[in-house]
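J.: For reference, the structure I am asking about is given below.
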Amino acid sequence: MESEDAIPKTAKRAAGEEASSAGRLRDRSINGSNLPFRHSWTPEISSNMRSARREEFLAKRRTGSFDQLSSNNALRCVRRRSSSSKEPLHHACDLSPVGDASSRIALLTTRLRSTSFAMAFAAVSEIRKLTAAEDSEQVDMLVSFGVPRPLIEMLSESATGLRFEAAWALSNIAAGTPQQTLAVVAEGALKPLIALLDHINKDLVAMALWAIGNIVADNGHFRDLALENGLLPRLLPLIVVADEGEKDVLHNVSWLLVNMCRTKNPPPSTKLIATLADKLRLLLHCRDEKIRIDGVWCLAYLSDSTADMIDILLDDVGVLDLLANLPTAARNNVSFLLGGVRTIGNLLSGSDAQCDAVIAAGFVPLLVQLLGHPHVTIQKETLSCLANVSAGSSAQIQAILSNAGLLSQIVSFVGKDNSALQEEALWIIANIAQGGSLAQITDVLETEPLKPLCRLLHSRNIHLVKLTLETILRLLKRCPSDFFKTLRNFIETCGGLRKTELLLLNDDDLTYELCYEIIDLCSRENNEEREPAVILPDLAVLDFDIPHLSSALDFSQQLDRPQAAS
(Lines give C-alpha, C1' and ligand atoms only; values in the text may rest on other atoms or scores of the structure.)
Protein backbone atom coordinates (compact mmCIF):
# COMPACT_ATOMS: atom_id res chain seq x y z
CA MET A 1 0.00 0.00 0.00
CA GLU A 2 1.28 3.45 -0.85
CA SER A 3 2.08 5.79 1.98
CA GLU A 4 0.00 8.90 2.43
CA ASP A 5 2.76 11.11 1.11
CA ALA A 6 2.85 9.23 -2.20
CA ILE A 7 -0.70 9.96 -3.32
CA PRO A 8 -0.58 12.02 -6.52
CA LYS A 9 -2.67 15.12 -6.99
CA THR A 10 -2.58 15.27 -10.77
CA ALA A 11 -6.03 15.18 -12.23
CA LYS A 12 -9.21 16.02 -10.37
CA ARG A 13 -11.57 15.00 -13.13
CA ALA A 14 -13.70 12.11 -14.24
CA ALA A 15 -11.83 9.08 -15.54
CA GLY A 16 -11.47 9.11 -19.28
CA GLU A 17 -12.30 12.80 -19.64
CA GLU A 18 -10.70 14.34 -22.70
CA ALA A 19 -10.63 17.85 -24.00
CA SER A 20 -12.43 18.33 -27.27
CA SER A 21 -10.36 19.30 -30.24
CA ALA A 22 -10.99 20.83 -33.60
CA GLY A 23 -7.98 18.87 -34.76
CA ARG A 24 -6.96 18.14 -38.28
CA LEU A 25 -7.95 14.47 -38.30
CA ARG A 26 -10.82 15.15 -40.60
CA ASP A 27 -11.35 11.56 -41.73
CA ARG A 28 -11.01 9.42 -38.66
CA SER A 29 -14.59 8.19 -38.44
CA ILE A 30 -15.46 4.78 -39.83
CA ASN A 31 -17.96 5.03 -42.66
CA GLY A 32 -19.46 8.12 -41.09
CA SER A 33 -20.13 6.34 -37.81
CA ASN A 34 -19.68 7.78 -34.34
CA LEU A 35 -16.80 5.54 -33.39
CA PRO A 36 -14.01 7.11 -31.33
CA PHE A 37 -11.37 8.87 -33.42
CA ARG A 38 -7.87 10.02 -32.66
CA HIS A 39 -7.14 13.65 -32.03
CA SER A 40 -4.98 15.72 -29.74
CA TRP A 41 -5.25 14.57 -26.16
CA THR A 42 -3.39 14.73 -22.86
CA PRO A 43 -4.67 12.38 -20.21
CA GLU A 44 -1.94 10.07 -18.94
CA ILE A 45 -1.95 6.51 -20.12
CA SER A 46 -2.25 4.76 -16.77
CA SER A 47 -2.50 5.40 -13.06
CA ASN A 48 0.86 3.65 -12.61
CA MET A 49 2.55 6.18 -14.86
CA ARG A 50 0.81 9.03 -13.05
CA SER A 51 2.18 7.76 -9.75
CA ALA A 52 5.64 7.22 -11.18
CA ARG A 53 5.70 10.70 -12.69
CA ARG A 54 4.69 12.42 -9.49
CA GLU A 55 6.35 10.26 -6.83
CA GLU A 56 7.06 12.05 -3.56
CA PHE A 57 6.81 15.73 -4.39
CA LEU A 58 3.32 15.49 -5.88
CA ALA A 59 1.63 13.94 -2.86
CA LYS A 60 -1.67 15.62 -2.19
CA ARG A 61 -1.48 14.81 1.48
CA ARG A 62 1.49 14.83 3.78
CA THR A 63 2.12 13.45 7.22
CA GLY A 64 4.51 14.48 9.94
CA SER A 65 5.00 17.94 11.39
CA PHE A 66 6.59 21.26 10.63
CA ASP A 67 9.79 20.52 12.49
CA GLN A 68 10.00 17.04 10.90
CA LEU A 69 9.95 18.63 7.45
CA SER A 70 12.85 20.97 8.12
CA SER A 71 13.89 21.03 11.74
CA ASN A 72 16.55 23.72 11.47
CA ASN A 73 14.33 26.18 9.64
CA ALA A 74 11.42 25.45 11.97
CA LEU A 75 13.36 26.03 15.16
CA ARG A 76 15.16 29.09 13.82
CA CYS A 77 11.91 30.66 12.68
CA VAL A 78 9.98 29.83 15.82
CA ARG A 79 12.73 31.05 18.06
CA ARG A 80 12.71 34.36 16.25
CA ARG A 81 8.96 34.64 16.74
CA SER A 82 8.82 33.32 20.31
CA SER A 83 11.44 35.36 22.14
CA SER A 84 8.78 36.28 24.70
CA SER A 85 8.20 32.57 25.36
CA LYS A 86 4.57 32.95 24.40
CA GLU A 87 4.83 30.86 21.25
CA PRO A 88 6.67 27.60 21.91
CA LEU A 89 6.47 25.17 18.98
CA HIS A 90 5.44 22.28 21.21
CA HIS A 91 3.41 22.54 24.37
CA ALA A 92 1.91 19.98 26.68
CA CYS A 93 -1.75 19.86 25.79
CA ASP A 94 -4.25 17.07 26.32
CA LEU A 95 -6.03 16.30 23.04
CA SER A 96 -6.89 12.69 23.70
CA PRO A 97 -9.99 11.45 21.85
CA VAL A 98 -13.24 12.47 23.48
CA GLY A 99 -16.38 10.46 22.67
CA ASP A 100 -17.26 9.86 19.03
CA ALA A 101 -15.72 11.54 15.98
CA SER A 102 -18.31 14.31 15.96
CA SER A 103 -17.63 15.24 19.56
CA ARG A 104 -13.90 15.14 19.00
CA ILE A 105 -14.08 17.43 15.97
CA ALA A 106 -16.40 19.81 17.82
CA LEU A 107 -13.83 20.02 20.63
CA LEU A 108 -10.97 20.61 18.18
CA THR A 109 -12.95 23.35 16.45
CA THR A 110 -13.48 25.10 19.76
CA ARG A 111 -9.80 24.83 20.66
CA LEU A 112 -8.79 26.27 17.28
CA ARG A 113 -10.21 29.58 18.47
CA SER A 114 -8.55 29.37 21.88
CA THR A 115 -6.58 32.38 23.08
CA SER A 116 -3.93 29.96 24.31
CA PHE A 117 -1.31 29.52 21.63
CA ALA A 118 -0.41 26.05 22.90
CA MET A 119 -4.04 24.93 22.78
CA ALA A 120 -4.60 26.34 19.27
CA PHE A 121 -1.35 24.88 17.91
CA ALA A 122 -2.11 21.43 19.29
CA ALA A 123 -5.62 21.59 17.80
CA VAL A 124 -4.48 22.61 14.32
CA SER A 125 -1.80 19.89 14.35
CA GLU A 126 -4.41 17.30 15.27
CA ILE A 127 -6.74 18.53 12.54
CA ARG A 128 -3.95 18.40 10.00
CA LYS A 129 -3.37 14.74 10.89
CA LEU A 130 -7.10 14.03 10.48
CA THR A 131 -7.10 15.61 7.02
CA ALA A 132 -4.14 13.44 5.98
CA ALA A 133 -6.21 10.29 6.38
CA GLU A 134 -8.04 8.83 3.38
CA ASP A 135 -11.43 9.40 4.99
CA SER A 136 -13.63 11.70 2.95
CA GLU A 137 -16.47 11.51 5.50
CA GLN A 138 -14.16 12.74 8.23
CA VAL A 139 -13.05 15.69 6.10
CA ASP A 140 -16.71 16.41 5.28
CA MET A 141 -17.36 16.54 9.00
CA LEU A 142 -14.50 19.00 9.50
CA VAL A 143 -15.97 21.19 6.76
CA SER A 144 -19.46 20.99 8.25
CA PHE A 145 -18.08 22.19 11.61
CA GLY A 146 -16.61 25.25 9.87
CA VAL A 147 -12.96 24.27 10.36
CA PRO A 148 -11.68 26.01 7.16
CA ARG A 149 -12.52 29.49 8.48
CA PRO A 150 -10.29 29.45 11.62
CA LEU A 151 -7.54 27.72 9.63
CA ILE A 152 -7.60 30.56 7.10
CA GLU A 153 -7.48 33.11 9.90
CA MET A 154 -4.36 31.39 11.25
CA LEU A 155 -2.57 32.08 7.95
CA SER A 156 -2.25 35.71 9.08
CA GLU A 157 -0.81 34.90 12.52
CA SER A 158 2.79 35.80 13.33
CA ALA A 159 3.91 32.31 14.40
CA THR A 160 5.37 30.55 11.35
CA GLY A 161 4.82 27.07 12.75
CA LEU A 162 1.13 27.78 13.28
CA ARG A 163 0.74 29.20 9.78
CA PHE A 164 2.52 26.19 8.31
CA GLU A 165 0.23 23.68 10.06
CA ALA A 166 -2.85 25.66 9.00
CA ALA A 167 -1.70 25.82 5.37
CA TRP A 168 -0.95 22.10 5.45
CA ALA A 169 -4.42 21.25 6.76
CA LEU A 170 -6.05 23.50 4.15
CA SER A 171 -3.97 21.87 1.43
CA ASN A 172 -5.19 18.44 2.47
CA ILE A 173 -8.83 19.55 2.56
CA ALA A 174 -8.46 21.17 -0.88
CA ALA A 175 -7.02 17.89 -2.18
CA GLY A 176 -10.30 16.12 -1.52
CA THR A 177 -13.59 16.15 -3.39
CA PRO A 178 -14.70 19.15 -5.47
CA GLN A 179 -17.12 20.07 -2.67
CA GLN A 180 -14.29 20.09 -0.13
CA THR A 181 -12.12 22.20 -2.43
CA LEU A 182 -15.01 24.60 -2.91
CA ALA A 183 -15.42 24.93 0.86
CA VAL A 184 -11.81 26.11 1.16
CA VAL A 185 -12.16 28.58 -1.70
CA ALA A 186 -15.54 29.89 -0.53
CA GLU A 187 -14.05 30.85 2.83
CA GLY A 188 -11.47 33.02 1.07
CA ALA A 189 -8.34 30.89 1.36
CA LEU A 190 -6.69 31.95 -1.90
CA LYS A 191 -5.75 35.51 -0.99
CA PRO A 192 -3.91 34.75 2.30
CA LEU A 193 -2.27 31.66 0.75
CA ILE A 194 -0.97 33.74 -2.14
CA ALA A 195 0.29 36.36 0.33
CA LEU A 196 2.44 33.67 1.98
CA LEU A 197 4.48 33.38 -1.22
CA ASP A 198 6.35 36.51 -0.12
CA HIS A 199 7.37 34.92 3.20
CA ILE A 200 11.04 34.51 4.04
CA ASN A 201 10.63 30.91 5.20
CA LYS A 202 10.93 28.64 2.18
CA ASP A 203 9.13 25.71 3.81
CA LEU A 204 6.11 27.90 4.42
CA VAL A 205 6.26 29.16 0.82
CA ALA A 206 6.46 25.58 -0.47
CA MET A 207 3.41 24.58 1.59
CA ALA A 208 1.42 27.58 0.38
CA LEU A 209 2.28 26.62 -3.21
CA TRP A 210 1.12 23.09 -2.50
CA ALA A 211 -2.23 24.32 -1.20
CA ILE A 212 -2.73 26.69 -4.15
CA GLY A 213 -1.82 23.88 -6.54
CA ASN A 214 -4.46 21.62 -5.01
CA ILE A 215 -7.05 24.36 -5.42
CA VAL A 216 -6.31 25.29 -9.04
CA ALA A 217 -6.16 21.59 -9.96
CA ASP A 218 -9.90 21.41 -9.37
CA ASN A 219 -11.07 23.59 -12.27
CA GLY A 220 -10.17 26.51 -14.51
CA HIS A 221 -12.38 28.94 -12.62
CA PHE A 222 -10.30 28.50 -9.45
CA ARG A 223 -7.13 29.03 -11.49
CA ASP A 224 -8.52 32.29 -12.85
CA LEU A 225 -9.65 33.31 -9.36
CA ALA A 226 -6.11 32.76 -8.08
CA LEU A 227 -4.78 34.95 -10.88
CA GLU A 228 -7.29 37.65 -9.97
CA ASN A 229 -5.99 37.52 -6.40
CA GLY A 230 -2.46 38.37 -7.55
CA LEU A 231 -0.90 34.92 -8.03
CA LEU A 232 1.19 35.68 -11.10
CA PRO A 233 3.28 38.64 -9.77
CA ARG A 234 4.24 36.57 -6.72
CA LEU A 235 4.77 33.33 -8.67
CA LEU A 236 7.04 34.58 -11.45
CA PRO A 237 9.97 35.57 -9.16
CA LEU A 238 9.94 32.03 -7.74
CA ILE A 239 10.54 30.42 -11.15
CA VAL A 240 14.31 30.67 -11.07
CA VAL A 241 17.16 28.19 -11.12
CA ALA A 242 17.03 27.41 -7.42
CA ASP A 243 19.89 26.28 -5.27
CA GLU A 244 19.68 23.05 -3.31
CA GLY A 245 17.96 24.75 -0.39
CA GLU A 246 15.09 25.94 -2.57
CA LYS A 247 14.39 22.77 -4.57
CA ASP A 248 11.13 22.12 -2.69
CA VAL A 249 9.89 25.55 -3.68
CA LEU A 250 10.70 25.10 -7.36
CA HIS A 251 9.26 21.56 -7.35
CA ASN A 252 5.98 22.92 -6.06
CA VAL A 253 6.10 25.88 -8.45
CA SER A 254 6.52 23.59 -11.45
CA TRP A 255 3.72 21.33 -10.23
CA LEU A 256 1.45 24.34 -9.71
CA LEU A 257 2.20 25.42 -13.30
CA VAL A 258 1.23 21.95 -14.54
CA ASN A 259 -2.15 22.27 -12.83
CA MET A 260 -2.62 25.79 -14.19
CA CYS A 261 -1.97 24.50 -17.72
CA ARG A 262 -4.00 21.30 -17.34
CA THR A 263 -7.30 22.61 -16.03
CA LYS A 264 -9.92 23.38 -18.66
CA ASN A 265 -13.40 24.88 -18.63
CA PRO A 266 -12.13 27.50 -19.17
CA PRO A 267 -8.66 26.73 -20.49
CA PRO A 268 -5.75 29.05 -19.68
CA SER A 269 -5.72 32.20 -21.75
CA THR A 270 -3.23 32.77 -24.53
CA LYS A 271 -2.17 35.98 -22.76
CA LEU A 272 -1.23 34.01 -19.64
CA ILE A 273 0.87 31.51 -21.59
CA ALA A 274 2.58 34.28 -23.56
CA THR A 275 3.55 35.79 -20.19
CA LEU A 276 4.86 32.43 -18.96
CA ALA A 277 6.78 31.62 -22.18
CA ASP A 278 10.24 32.41 -20.78
CA LYS A 279 9.52 30.53 -17.55
CA LEU A 280 8.32 27.43 -19.39
CA ARG A 281 11.58 27.37 -21.33
CA LEU A 282 13.45 27.68 -18.04
CA LEU A 283 11.72 24.57 -16.69
CA LEU A 284 12.74 22.55 -19.75
CA HIS A 285 16.38 23.63 -19.35
CA CYS A 286 16.51 22.83 -15.63
CA ARG A 287 18.87 20.05 -14.58
CA ASP A 288 16.38 18.72 -12.04
CA GLU A 289 14.60 15.78 -13.66
CA LYS A 290 11.30 16.27 -11.83
CA ILE A 291 11.12 19.91 -12.87
CA ARG A 292 11.89 19.04 -16.49
CA ILE A 293 9.09 16.46 -16.44
CA ASP A 294 6.66 19.08 -15.17
CA GLY A 295 7.86 21.50 -17.84
CA VAL A 296 7.24 19.09 -20.70
CA TRP A 297 3.80 18.19 -19.35
CA CYS A 298 2.92 21.89 -19.24
CA LEU A 299 3.58 21.88 -22.99
CA ALA A 300 1.56 18.69 -23.47
CA TYR A 301 -1.50 20.10 -21.72
CA LEU A 302 -1.26 23.49 -23.44
CA SER A 303 -0.86 21.93 -26.90
CA ASP A 304 -4.20 20.17 -26.40
CA SER A 305 -5.97 23.43 -27.13
CA THR A 306 -6.87 25.90 -29.83
CA ALA A 307 -4.89 26.84 -32.94
CA ASP A 308 -4.05 30.19 -31.32
CA MET A 309 -2.50 28.43 -28.33
CA ILE A 310 -0.47 26.16 -30.60
CA ASP A 311 0.79 29.25 -32.46
CA ILE A 312 2.02 30.70 -29.16
CA LEU A 313 3.80 27.45 -28.32
CA LEU A 314 5.44 27.39 -31.75
CA ASP A 315 6.35 31.09 -31.95
CA ASP A 316 6.75 32.42 -28.38
CA VAL A 317 7.71 29.35 -26.37
CA GLY A 318 9.78 27.77 -29.16
CA VAL A 319 8.49 24.29 -28.39
CA LEU A 320 10.09 22.69 -31.45
CA ASP A 321 13.55 23.82 -30.39
CA LEU A 322 12.91 22.59 -26.85
CA LEU A 323 12.00 19.10 -28.06
CA ALA A 324 14.48 18.84 -30.94
CA ASN A 325 16.72 16.37 -29.07
CA LEU A 326 13.88 14.41 -27.49
CA PRO A 327 14.93 10.83 -28.43
CA THR A 328 18.48 11.21 -27.13
CA ALA A 329 17.95 13.75 -24.33
CA ALA A 330 15.80 11.52 -22.15
CA ARG A 331 15.65 8.02 -23.64
CA ASN A 332 15.50 6.36 -20.24
CA ASN A 333 13.03 8.85 -18.76
CA VAL A 334 9.67 7.48 -19.90
CA SER A 335 7.65 10.22 -18.19
CA PHE A 336 9.57 12.98 -19.95
CA LEU A 337 9.47 11.16 -23.30
CA LEU A 338 5.74 10.55 -22.98
CA GLY A 339 5.07 14.24 -22.34
CA GLY A 340 7.28 15.24 -25.26
CA VAL A 341 5.74 12.80 -27.73
CA ARG A 342 2.24 13.76 -26.55
CA THR A 343 3.12 17.41 -27.24
CA ILE A 344 4.33 16.60 -30.76
CA GLY A 345 1.15 14.62 -31.44
CA ASN A 346 -1.01 17.51 -30.29
CA LEU A 347 0.91 19.97 -32.47
CA LEU A 348 0.45 17.65 -35.45
CA SER A 349 -3.30 17.65 -34.81
CA GLY A 350 -3.47 21.39 -35.48
CA SER A 351 -3.86 23.15 -38.80
CA ASP A 352 -2.05 22.07 -41.95
CA ALA A 353 0.37 24.97 -41.53
CA GLN A 354 1.17 23.91 -37.95
CA CYS A 355 1.61 20.31 -39.04
CA ASP A 356 3.91 21.45 -41.84
CA ALA A 357 5.99 23.39 -39.30
CA VAL A 358 6.52 20.25 -37.21
CA ILE A 359 7.41 18.19 -40.29
CA ALA A 360 9.77 20.88 -41.60
CA ALA A 361 11.56 20.90 -38.22
CA GLY A 362 12.56 17.28 -38.88
CA PHE A 363 10.36 15.55 -36.33
CA VAL A 364 9.31 12.60 -38.52
CA PRO A 365 12.84 11.10 -38.44
CA LEU A 366 12.84 11.65 -34.66
CA LEU A 367 9.58 9.70 -34.44
CA VAL A 368 11.21 6.87 -36.40
CA GLN A 369 13.82 6.64 -33.65
CA LEU A 370 11.16 6.59 -30.95
CA LEU A 371 9.31 3.71 -32.63
CA GLY A 372 12.20 1.53 -31.53
CA HIS A 373 11.84 2.51 -27.88
CA PRO A 374 11.34 -0.55 -25.64
CA HIS A 375 8.41 1.01 -23.76
CA VAL A 376 5.06 0.14 -25.37
CA THR A 377 3.47 3.43 -24.31
CA ILE A 378 6.11 5.42 -26.18
CA GLN A 379 5.57 3.23 -29.25
CA LYS A 380 1.82 3.84 -29.11
CA GLU A 381 2.17 7.61 -28.74
CA THR A 382 4.69 7.71 -31.59
CA LEU A 383 2.31 5.79 -33.86
CA SER A 384 -0.40 8.26 -32.87
CA CYS A 385 1.84 11.12 -34.03
CA LEU A 386 2.38 9.40 -37.37
CA ALA A 387 -1.37 8.80 -37.64
CA ASN A 388 -1.87 12.55 -37.33
CA VAL A 389 0.63 13.11 -40.14
CA SER A 390 -1.07 10.49 -42.33
CA ALA A 391 -4.41 12.28 -41.88
CA GLY A 392 -3.10 15.28 -43.77
CA SER A 393 -2.33 16.11 -47.37
CA SER A 394 -0.51 13.94 -49.89
CA ALA A 395 2.64 15.99 -49.28
CA GLN A 396 2.43 15.34 -45.55
CA ILE A 397 1.85 11.61 -46.15
CA GLN A 398 5.01 11.62 -48.24
CA ALA A 399 6.97 12.70 -45.14
CA ILE A 400 6.23 9.22 -43.79
CA LEU A 401 6.91 7.34 -47.01
CA SER A 402 10.20 9.17 -47.57
CA ASN A 403 11.74 7.46 -44.54
CA ALA A 404 13.08 4.14 -45.77
CA GLY A 405 11.60 1.17 -43.98
CA LEU A 406 9.16 3.23 -41.90
CA LEU A 407 6.06 2.00 -43.70
CA SER A 408 7.10 -1.65 -43.31
CA GLN A 409 7.74 -0.99 -39.62
CA ILE A 410 4.26 0.49 -39.26
CA VAL A 411 2.69 -2.52 -40.98
CA SER A 412 4.60 -4.83 -38.61
CA PHE A 413 2.77 -3.23 -35.67
CA VAL A 414 -0.52 -4.51 -37.12
CA GLY A 415 0.74 -8.00 -36.35
CA LYS A 416 1.77 -7.18 -32.77
CA ASP A 417 -0.11 -8.78 -29.91
CA ASN A 418 -1.20 -5.40 -28.55
CA SER A 419 -4.55 -3.89 -29.52
CA ALA A 420 -3.45 -0.30 -28.80
CA LEU A 421 -0.46 -0.58 -31.14
CA GLN A 422 -2.57 -2.38 -33.75
CA GLU A 423 -5.21 0.35 -33.71
CA GLU A 424 -2.74 3.19 -34.23
CA ALA A 425 -1.00 1.34 -37.05
CA LEU A 426 -4.39 0.65 -38.67
CA TRP A 427 -5.25 4.34 -38.59
CA ILE A 428 -2.05 5.18 -40.45
CA ILE A 429 -2.78 2.64 -43.22
CA ALA A 430 -6.45 3.66 -43.41
CA ASN A 431 -5.55 7.36 -43.62
CA ILE A 432 -3.04 6.79 -46.41
CA ALA A 433 -5.57 4.65 -48.27
CA GLN A 434 -8.12 7.45 -47.93
CA GLY A 435 -6.04 10.55 -48.61
CA GLY A 436 -2.92 9.34 -50.40
CA SER A 437 -2.19 9.37 -54.11
CA LEU A 438 -2.33 6.19 -56.21
CA ALA A 439 1.46 5.95 -56.02
CA GLN A 440 1.37 6.24 -52.23
CA ILE A 441 -1.36 3.61 -51.95
CA THR A 442 0.77 1.38 -54.17
CA ASP A 443 3.67 1.87 -51.74
CA VAL A 444 1.40 0.67 -48.94
CA LEU A 445 0.28 -2.40 -50.88
CA GLU A 446 3.89 -3.31 -51.64
CA THR A 447 4.51 -3.75 -47.90
CA GLU A 448 1.95 -6.60 -48.01
CA PRO A 449 -0.36 -5.38 -45.23
CA LEU A 450 -3.27 -7.67 -46.13
CA LYS A 451 -1.98 -10.77 -44.38
CA PRO A 452 -1.86 -9.17 -40.88
CA LEU A 453 -5.10 -7.30 -41.69
CA CYS A 454 -6.92 -10.54 -42.45
CA ARG A 455 -5.60 -12.06 -39.22
CA LEU A 456 -7.13 -9.19 -37.26
CA LEU A 457 -10.57 -10.21 -38.46
CA HIS A 458 -10.28 -13.03 -35.89
CA SER A 459 -10.09 -10.49 -33.05
CA ARG A 460 -12.73 -10.41 -30.34
CA ASN A 461 -12.22 -6.64 -30.10
CA ILE A 462 -15.16 -5.48 -32.22
CA HIS A 463 -13.71 -1.98 -32.61
CA LEU A 464 -10.49 -3.41 -34.07
CA VAL A 465 -12.51 -5.63 -36.38
CA LYS A 466 -14.51 -2.67 -37.70
CA LEU A 467 -11.38 -0.58 -38.18
CA THR A 468 -9.72 -3.48 -40.01
CA LEU A 469 -12.74 -3.90 -42.28
CA GLU A 470 -12.74 -0.18 -43.02
CA THR A 471 -9.02 -0.28 -43.84
CA ILE A 472 -9.47 -3.20 -46.23
CA LEU A 473 -12.45 -1.48 -47.84
CA ARG A 474 -10.50 1.74 -48.38
CA LEU A 475 -7.64 -0.19 -49.98
CA LEU A 476 -10.05 -1.99 -52.30
CA LYS A 477 -11.83 1.20 -53.31
CA ARG A 478 -8.75 3.31 -53.96
CA CYS A 479 -6.12 0.87 -55.16
CA PRO A 480 -4.90 1.26 -58.76
CA SER A 481 -7.08 -0.67 -61.22
CA ASP A 482 -4.27 -3.03 -62.21
CA PHE A 483 -3.86 -3.91 -58.50
CA PHE A 484 -7.51 -4.68 -57.83
CA LYS A 485 -7.65 -8.28 -59.06
CA THR A 486 -4.38 -9.17 -57.32
CA LEU A 487 -5.63 -7.54 -54.14
CA ARG A 488 -8.96 -9.35 -54.28
CA ASN A 489 -7.28 -12.71 -54.91
CA PHE A 490 -4.84 -12.14 -52.07
CA ILE A 491 -7.71 -11.38 -49.67
CA GLU A 492 -9.41 -14.58 -50.73
CA THR A 493 -6.20 -16.63 -50.45
CA CYS A 494 -5.57 -15.29 -46.92
CA GLY A 495 -9.06 -16.34 -45.90
CA GLY A 496 -10.10 -12.73 -45.50
CA LEU A 497 -13.14 -13.06 -47.74
CA ARG A 498 -14.39 -16.10 -45.87
CA LYS A 499 -13.92 -14.35 -42.54
CA THR A 500 -15.73 -11.31 -43.89
CA GLU A 501 -18.68 -13.50 -44.93
CA LEU A 502 -18.79 -14.96 -41.44
CA LEU A 503 -18.85 -11.50 -39.92
CA LEU A 504 -22.17 -10.91 -41.67
CA LEU A 505 -23.52 -12.86 -38.72
CA ASN A 506 -22.45 -10.05 -36.36
CA ASP A 507 -25.15 -8.15 -34.51
CA ASP A 508 -23.51 -4.79 -35.20
CA ASP A 509 -25.08 -2.85 -38.09
CA LEU A 510 -21.87 -1.10 -39.12
CA THR A 511 -19.94 -4.38 -39.23
CA TYR A 512 -22.65 -5.85 -41.44
CA GLU A 513 -22.51 -2.89 -43.85
CA LEU A 514 -18.71 -2.96 -44.09
CA CYS A 515 -18.68 -6.70 -44.74
CA TYR A 516 -21.42 -6.35 -47.36
CA GLU A 517 -19.46 -3.67 -49.23
CA ILE A 518 -16.24 -5.73 -49.21
CA ILE A 519 -18.05 -8.81 -50.49
CA ASP A 520 -19.80 -6.71 -53.10
CA LEU A 521 -16.50 -5.30 -54.40
CA CYS A 522 -14.79 -8.69 -54.41
CA SER A 523 -17.72 -10.28 -56.25
CA ARG A 524 -17.44 -8.01 -59.28
CA GLU A 525 -15.88 -9.37 -62.42
CA ASN A 526 -13.59 -7.02 -64.31
CA ASN A 527 -14.74 -4.18 -62.00
CA GLU A 528 -18.22 -4.26 -63.53
CA GLU A 529 -21.31 -3.84 -61.39
CA ARG A 530 -23.33 -6.92 -60.55
CA GLU A 531 -25.41 -8.17 -57.67
CA PRO A 532 -23.26 -9.39 -54.81
CA ALA A 533 -22.94 -13.10 -54.43
CA VAL A 534 -22.97 -13.72 -50.70
CA ILE A 535 -21.96 -17.29 -49.93
CA LEU A 536 -23.38 -18.45 -46.64
CA PRO A 537 -20.67 -20.00 -44.47
CA ASP A 538 -20.70 -23.61 -43.47
CA LEU A 539 -20.53 -23.30 -39.69
CA ALA A 540 -19.63 -26.96 -39.31
CA VAL A 541 -16.19 -26.56 -40.87
CA LEU A 542 -15.05 -23.41 -39.09
CA ASP A 543 -11.79 -23.72 -37.15
CA PHE A 544 -11.52 -20.23 -35.66
CA ASP A 545 -13.53 -18.03 -33.31
CA ILE A 546 -15.91 -15.33 -34.55
CA PRO A 547 -16.54 -12.33 -32.29
CA HIS A 548 -20.11 -11.57 -31.26
CA LEU A 549 -21.87 -14.18 -33.40
CA SER A 550 -25.63 -14.13 -33.16
CA SER A 551 -27.68 -17.25 -32.92
CA ALA A 552 -28.84 -19.14 -35.99
CA LEU A 553 -32.26 -17.51 -35.64
CA ASP A 554 -30.66 -14.07 -35.53
CA PHE A 555 -28.76 -14.89 -38.69
CA SER A 556 -31.95 -15.72 -40.54
CA GLN A 557 -33.29 -12.33 -39.49
CA GLN A 558 -30.17 -10.59 -40.76
CA LEU A 559 -30.80 -11.95 -44.24
CA ASP A 560 -33.98 -9.91 -44.30
CA ARG A 561 -32.18 -6.62 -43.72
CA PRO A 562 -32.32 -3.94 -46.40
CA GLN A 563 -29.14 -4.23 -48.43
CA ALA A 564 -26.64 -1.39 -48.28
CA ALA A 565 -26.25 0.67 -51.41
CA SER A 566 -23.23 -0.38 -53.42
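J.: Give me Rg over Rh for the range 294-425, both radii from the alpha carbons and Rh done the Kirkwood way, two decimal places.
T.: Details: Rg = 13.8 Å, Rh = 14.7 Å.
Rg divided by Rh gives 0.94.
J.: Whole Å is fine, so just give me how far the alpha carbon centre of the range 255-277 lies from that of the range 107-164.
T.: Comparing the Cα centres of the range 255-277 and the range 107-164, I get a distance of 31 Å.
J.: Once both labels are modelled 7 Å past Cα along the beta-carbon direction, what's the Thr177-Ile200 spacing in nm?
T.: Spacing of the two 7 Å Cα→Cβ label points: 4.3 nm.
J.: Mind checking the full-extension length gain between Ala186 and Asn325? Use 0.36 nm per residue of separation minus the Cα-Cα distance, one decimal, nm. Before the final figure, lay out the partial values.
T.: Details: separation 139, 0.36 × 139 = 50.04 nm, distance 4.51 nm.
Answer, rounded to one decimal: 45.5 nm.
J.: Now, a different point. What translational diffusion coefficient, in µm²/s and rounded to a whole number, does the Stokes-Einstein relation yield for the range 198-340 at 4 °C and a viscosity of 1.567 mPa s, taking the hydrodynamic radius as the Kirkwood radius over Cα pairs? Don't skip to the answer; put the middle values down first.
T.: Working: Rh = 15.3 Å.
Translational diffusion coefficient: 85 µm²/s.
J.: With a probe of 1.4 Å, find how much accessible area the range 332-482 has per residue, and write the answer as a whole number in Å².
T.: Accessible surface, normalised per residue, equals 31 Å².
J.: As an exercise, identify the trypsin sites (Lys or Arg not before Pro) in the range 441-492 lying in DSSP coil whose Cβ has no more than 15 other Cβ atoms within 10 Å. Could you put the intermediate results ahead of the total?
T.: Working: sites: Arg455, Arg460, Lys466, Arg474, Lys477, Arg478, Lys485, Arg488; in loops: Arg460.
Those satisfying the criteria are Arg460.
J.: Just to be sure I understand the model, the point goes 7 Å from the Cα along the line to the Cβ. What's the resulting Lys416 to Gln138 distance in nm?
T.: Distance between the two pseudo-spin positions: 4.4 nm.
J.: What are the equivalent ellipsoid semi-axes of the range 418-473, built from the alpha-carbon gyration tensor (square roots of five times its eigenvalues), in whole angstrom, biggest first?
T.: Numbers: eigenvalues 79, 24, 17 Å².
Those come to 20, 11, 9 Å.
J.: Still on this structure: Not counting ligands, DNA or RNA, and with a 1.4 Å probe, what is Cys494's accessible surface area in Å² rounded to the nearest 10?
T.: Accessible area, nearest 10 Å²: 40 Å².
J.: Return the whole-Å distance between the Cα centroid of the range 445-466 and the Cα centroid of the range 193-208.
T.: 57
J.: Still on this structure: Normalised by the residues of the range 398-521, what does the relative contact order come to in percent, with Cα pairs under 8 Å and at least six apart? Can you show the working numbers first?
T.: Values: 124 pairs, mean separation 28.2, N = 124.
Here the relative contact order equals 23 percent.
J.: Whenever you get a sec, line up Asp482, Asp278 from highest to lowest accessible area (probe 1.4 Å, protein heavy atoms).
T.: Result of the area sort, largest leading: Asp482, Asp278.
The values are calculated or read from the model by the stated rules, or taken from the named source; none is laboratory data. Keep in mind that this is a model prediction, so the values were computed, not measured. When we count neighbours, we look across all protein chains shown, and the Cβ atoms used for this are built from the backbone with ideal geometry, even at glycine. Just the protein is used for accessible areas: all its heavy atoms, side chains included, with ligands, DNA and RNA removed. Shrake-Rupley method; radii C 1.70, N 1.55, O 1.52, S 1.80 Å.
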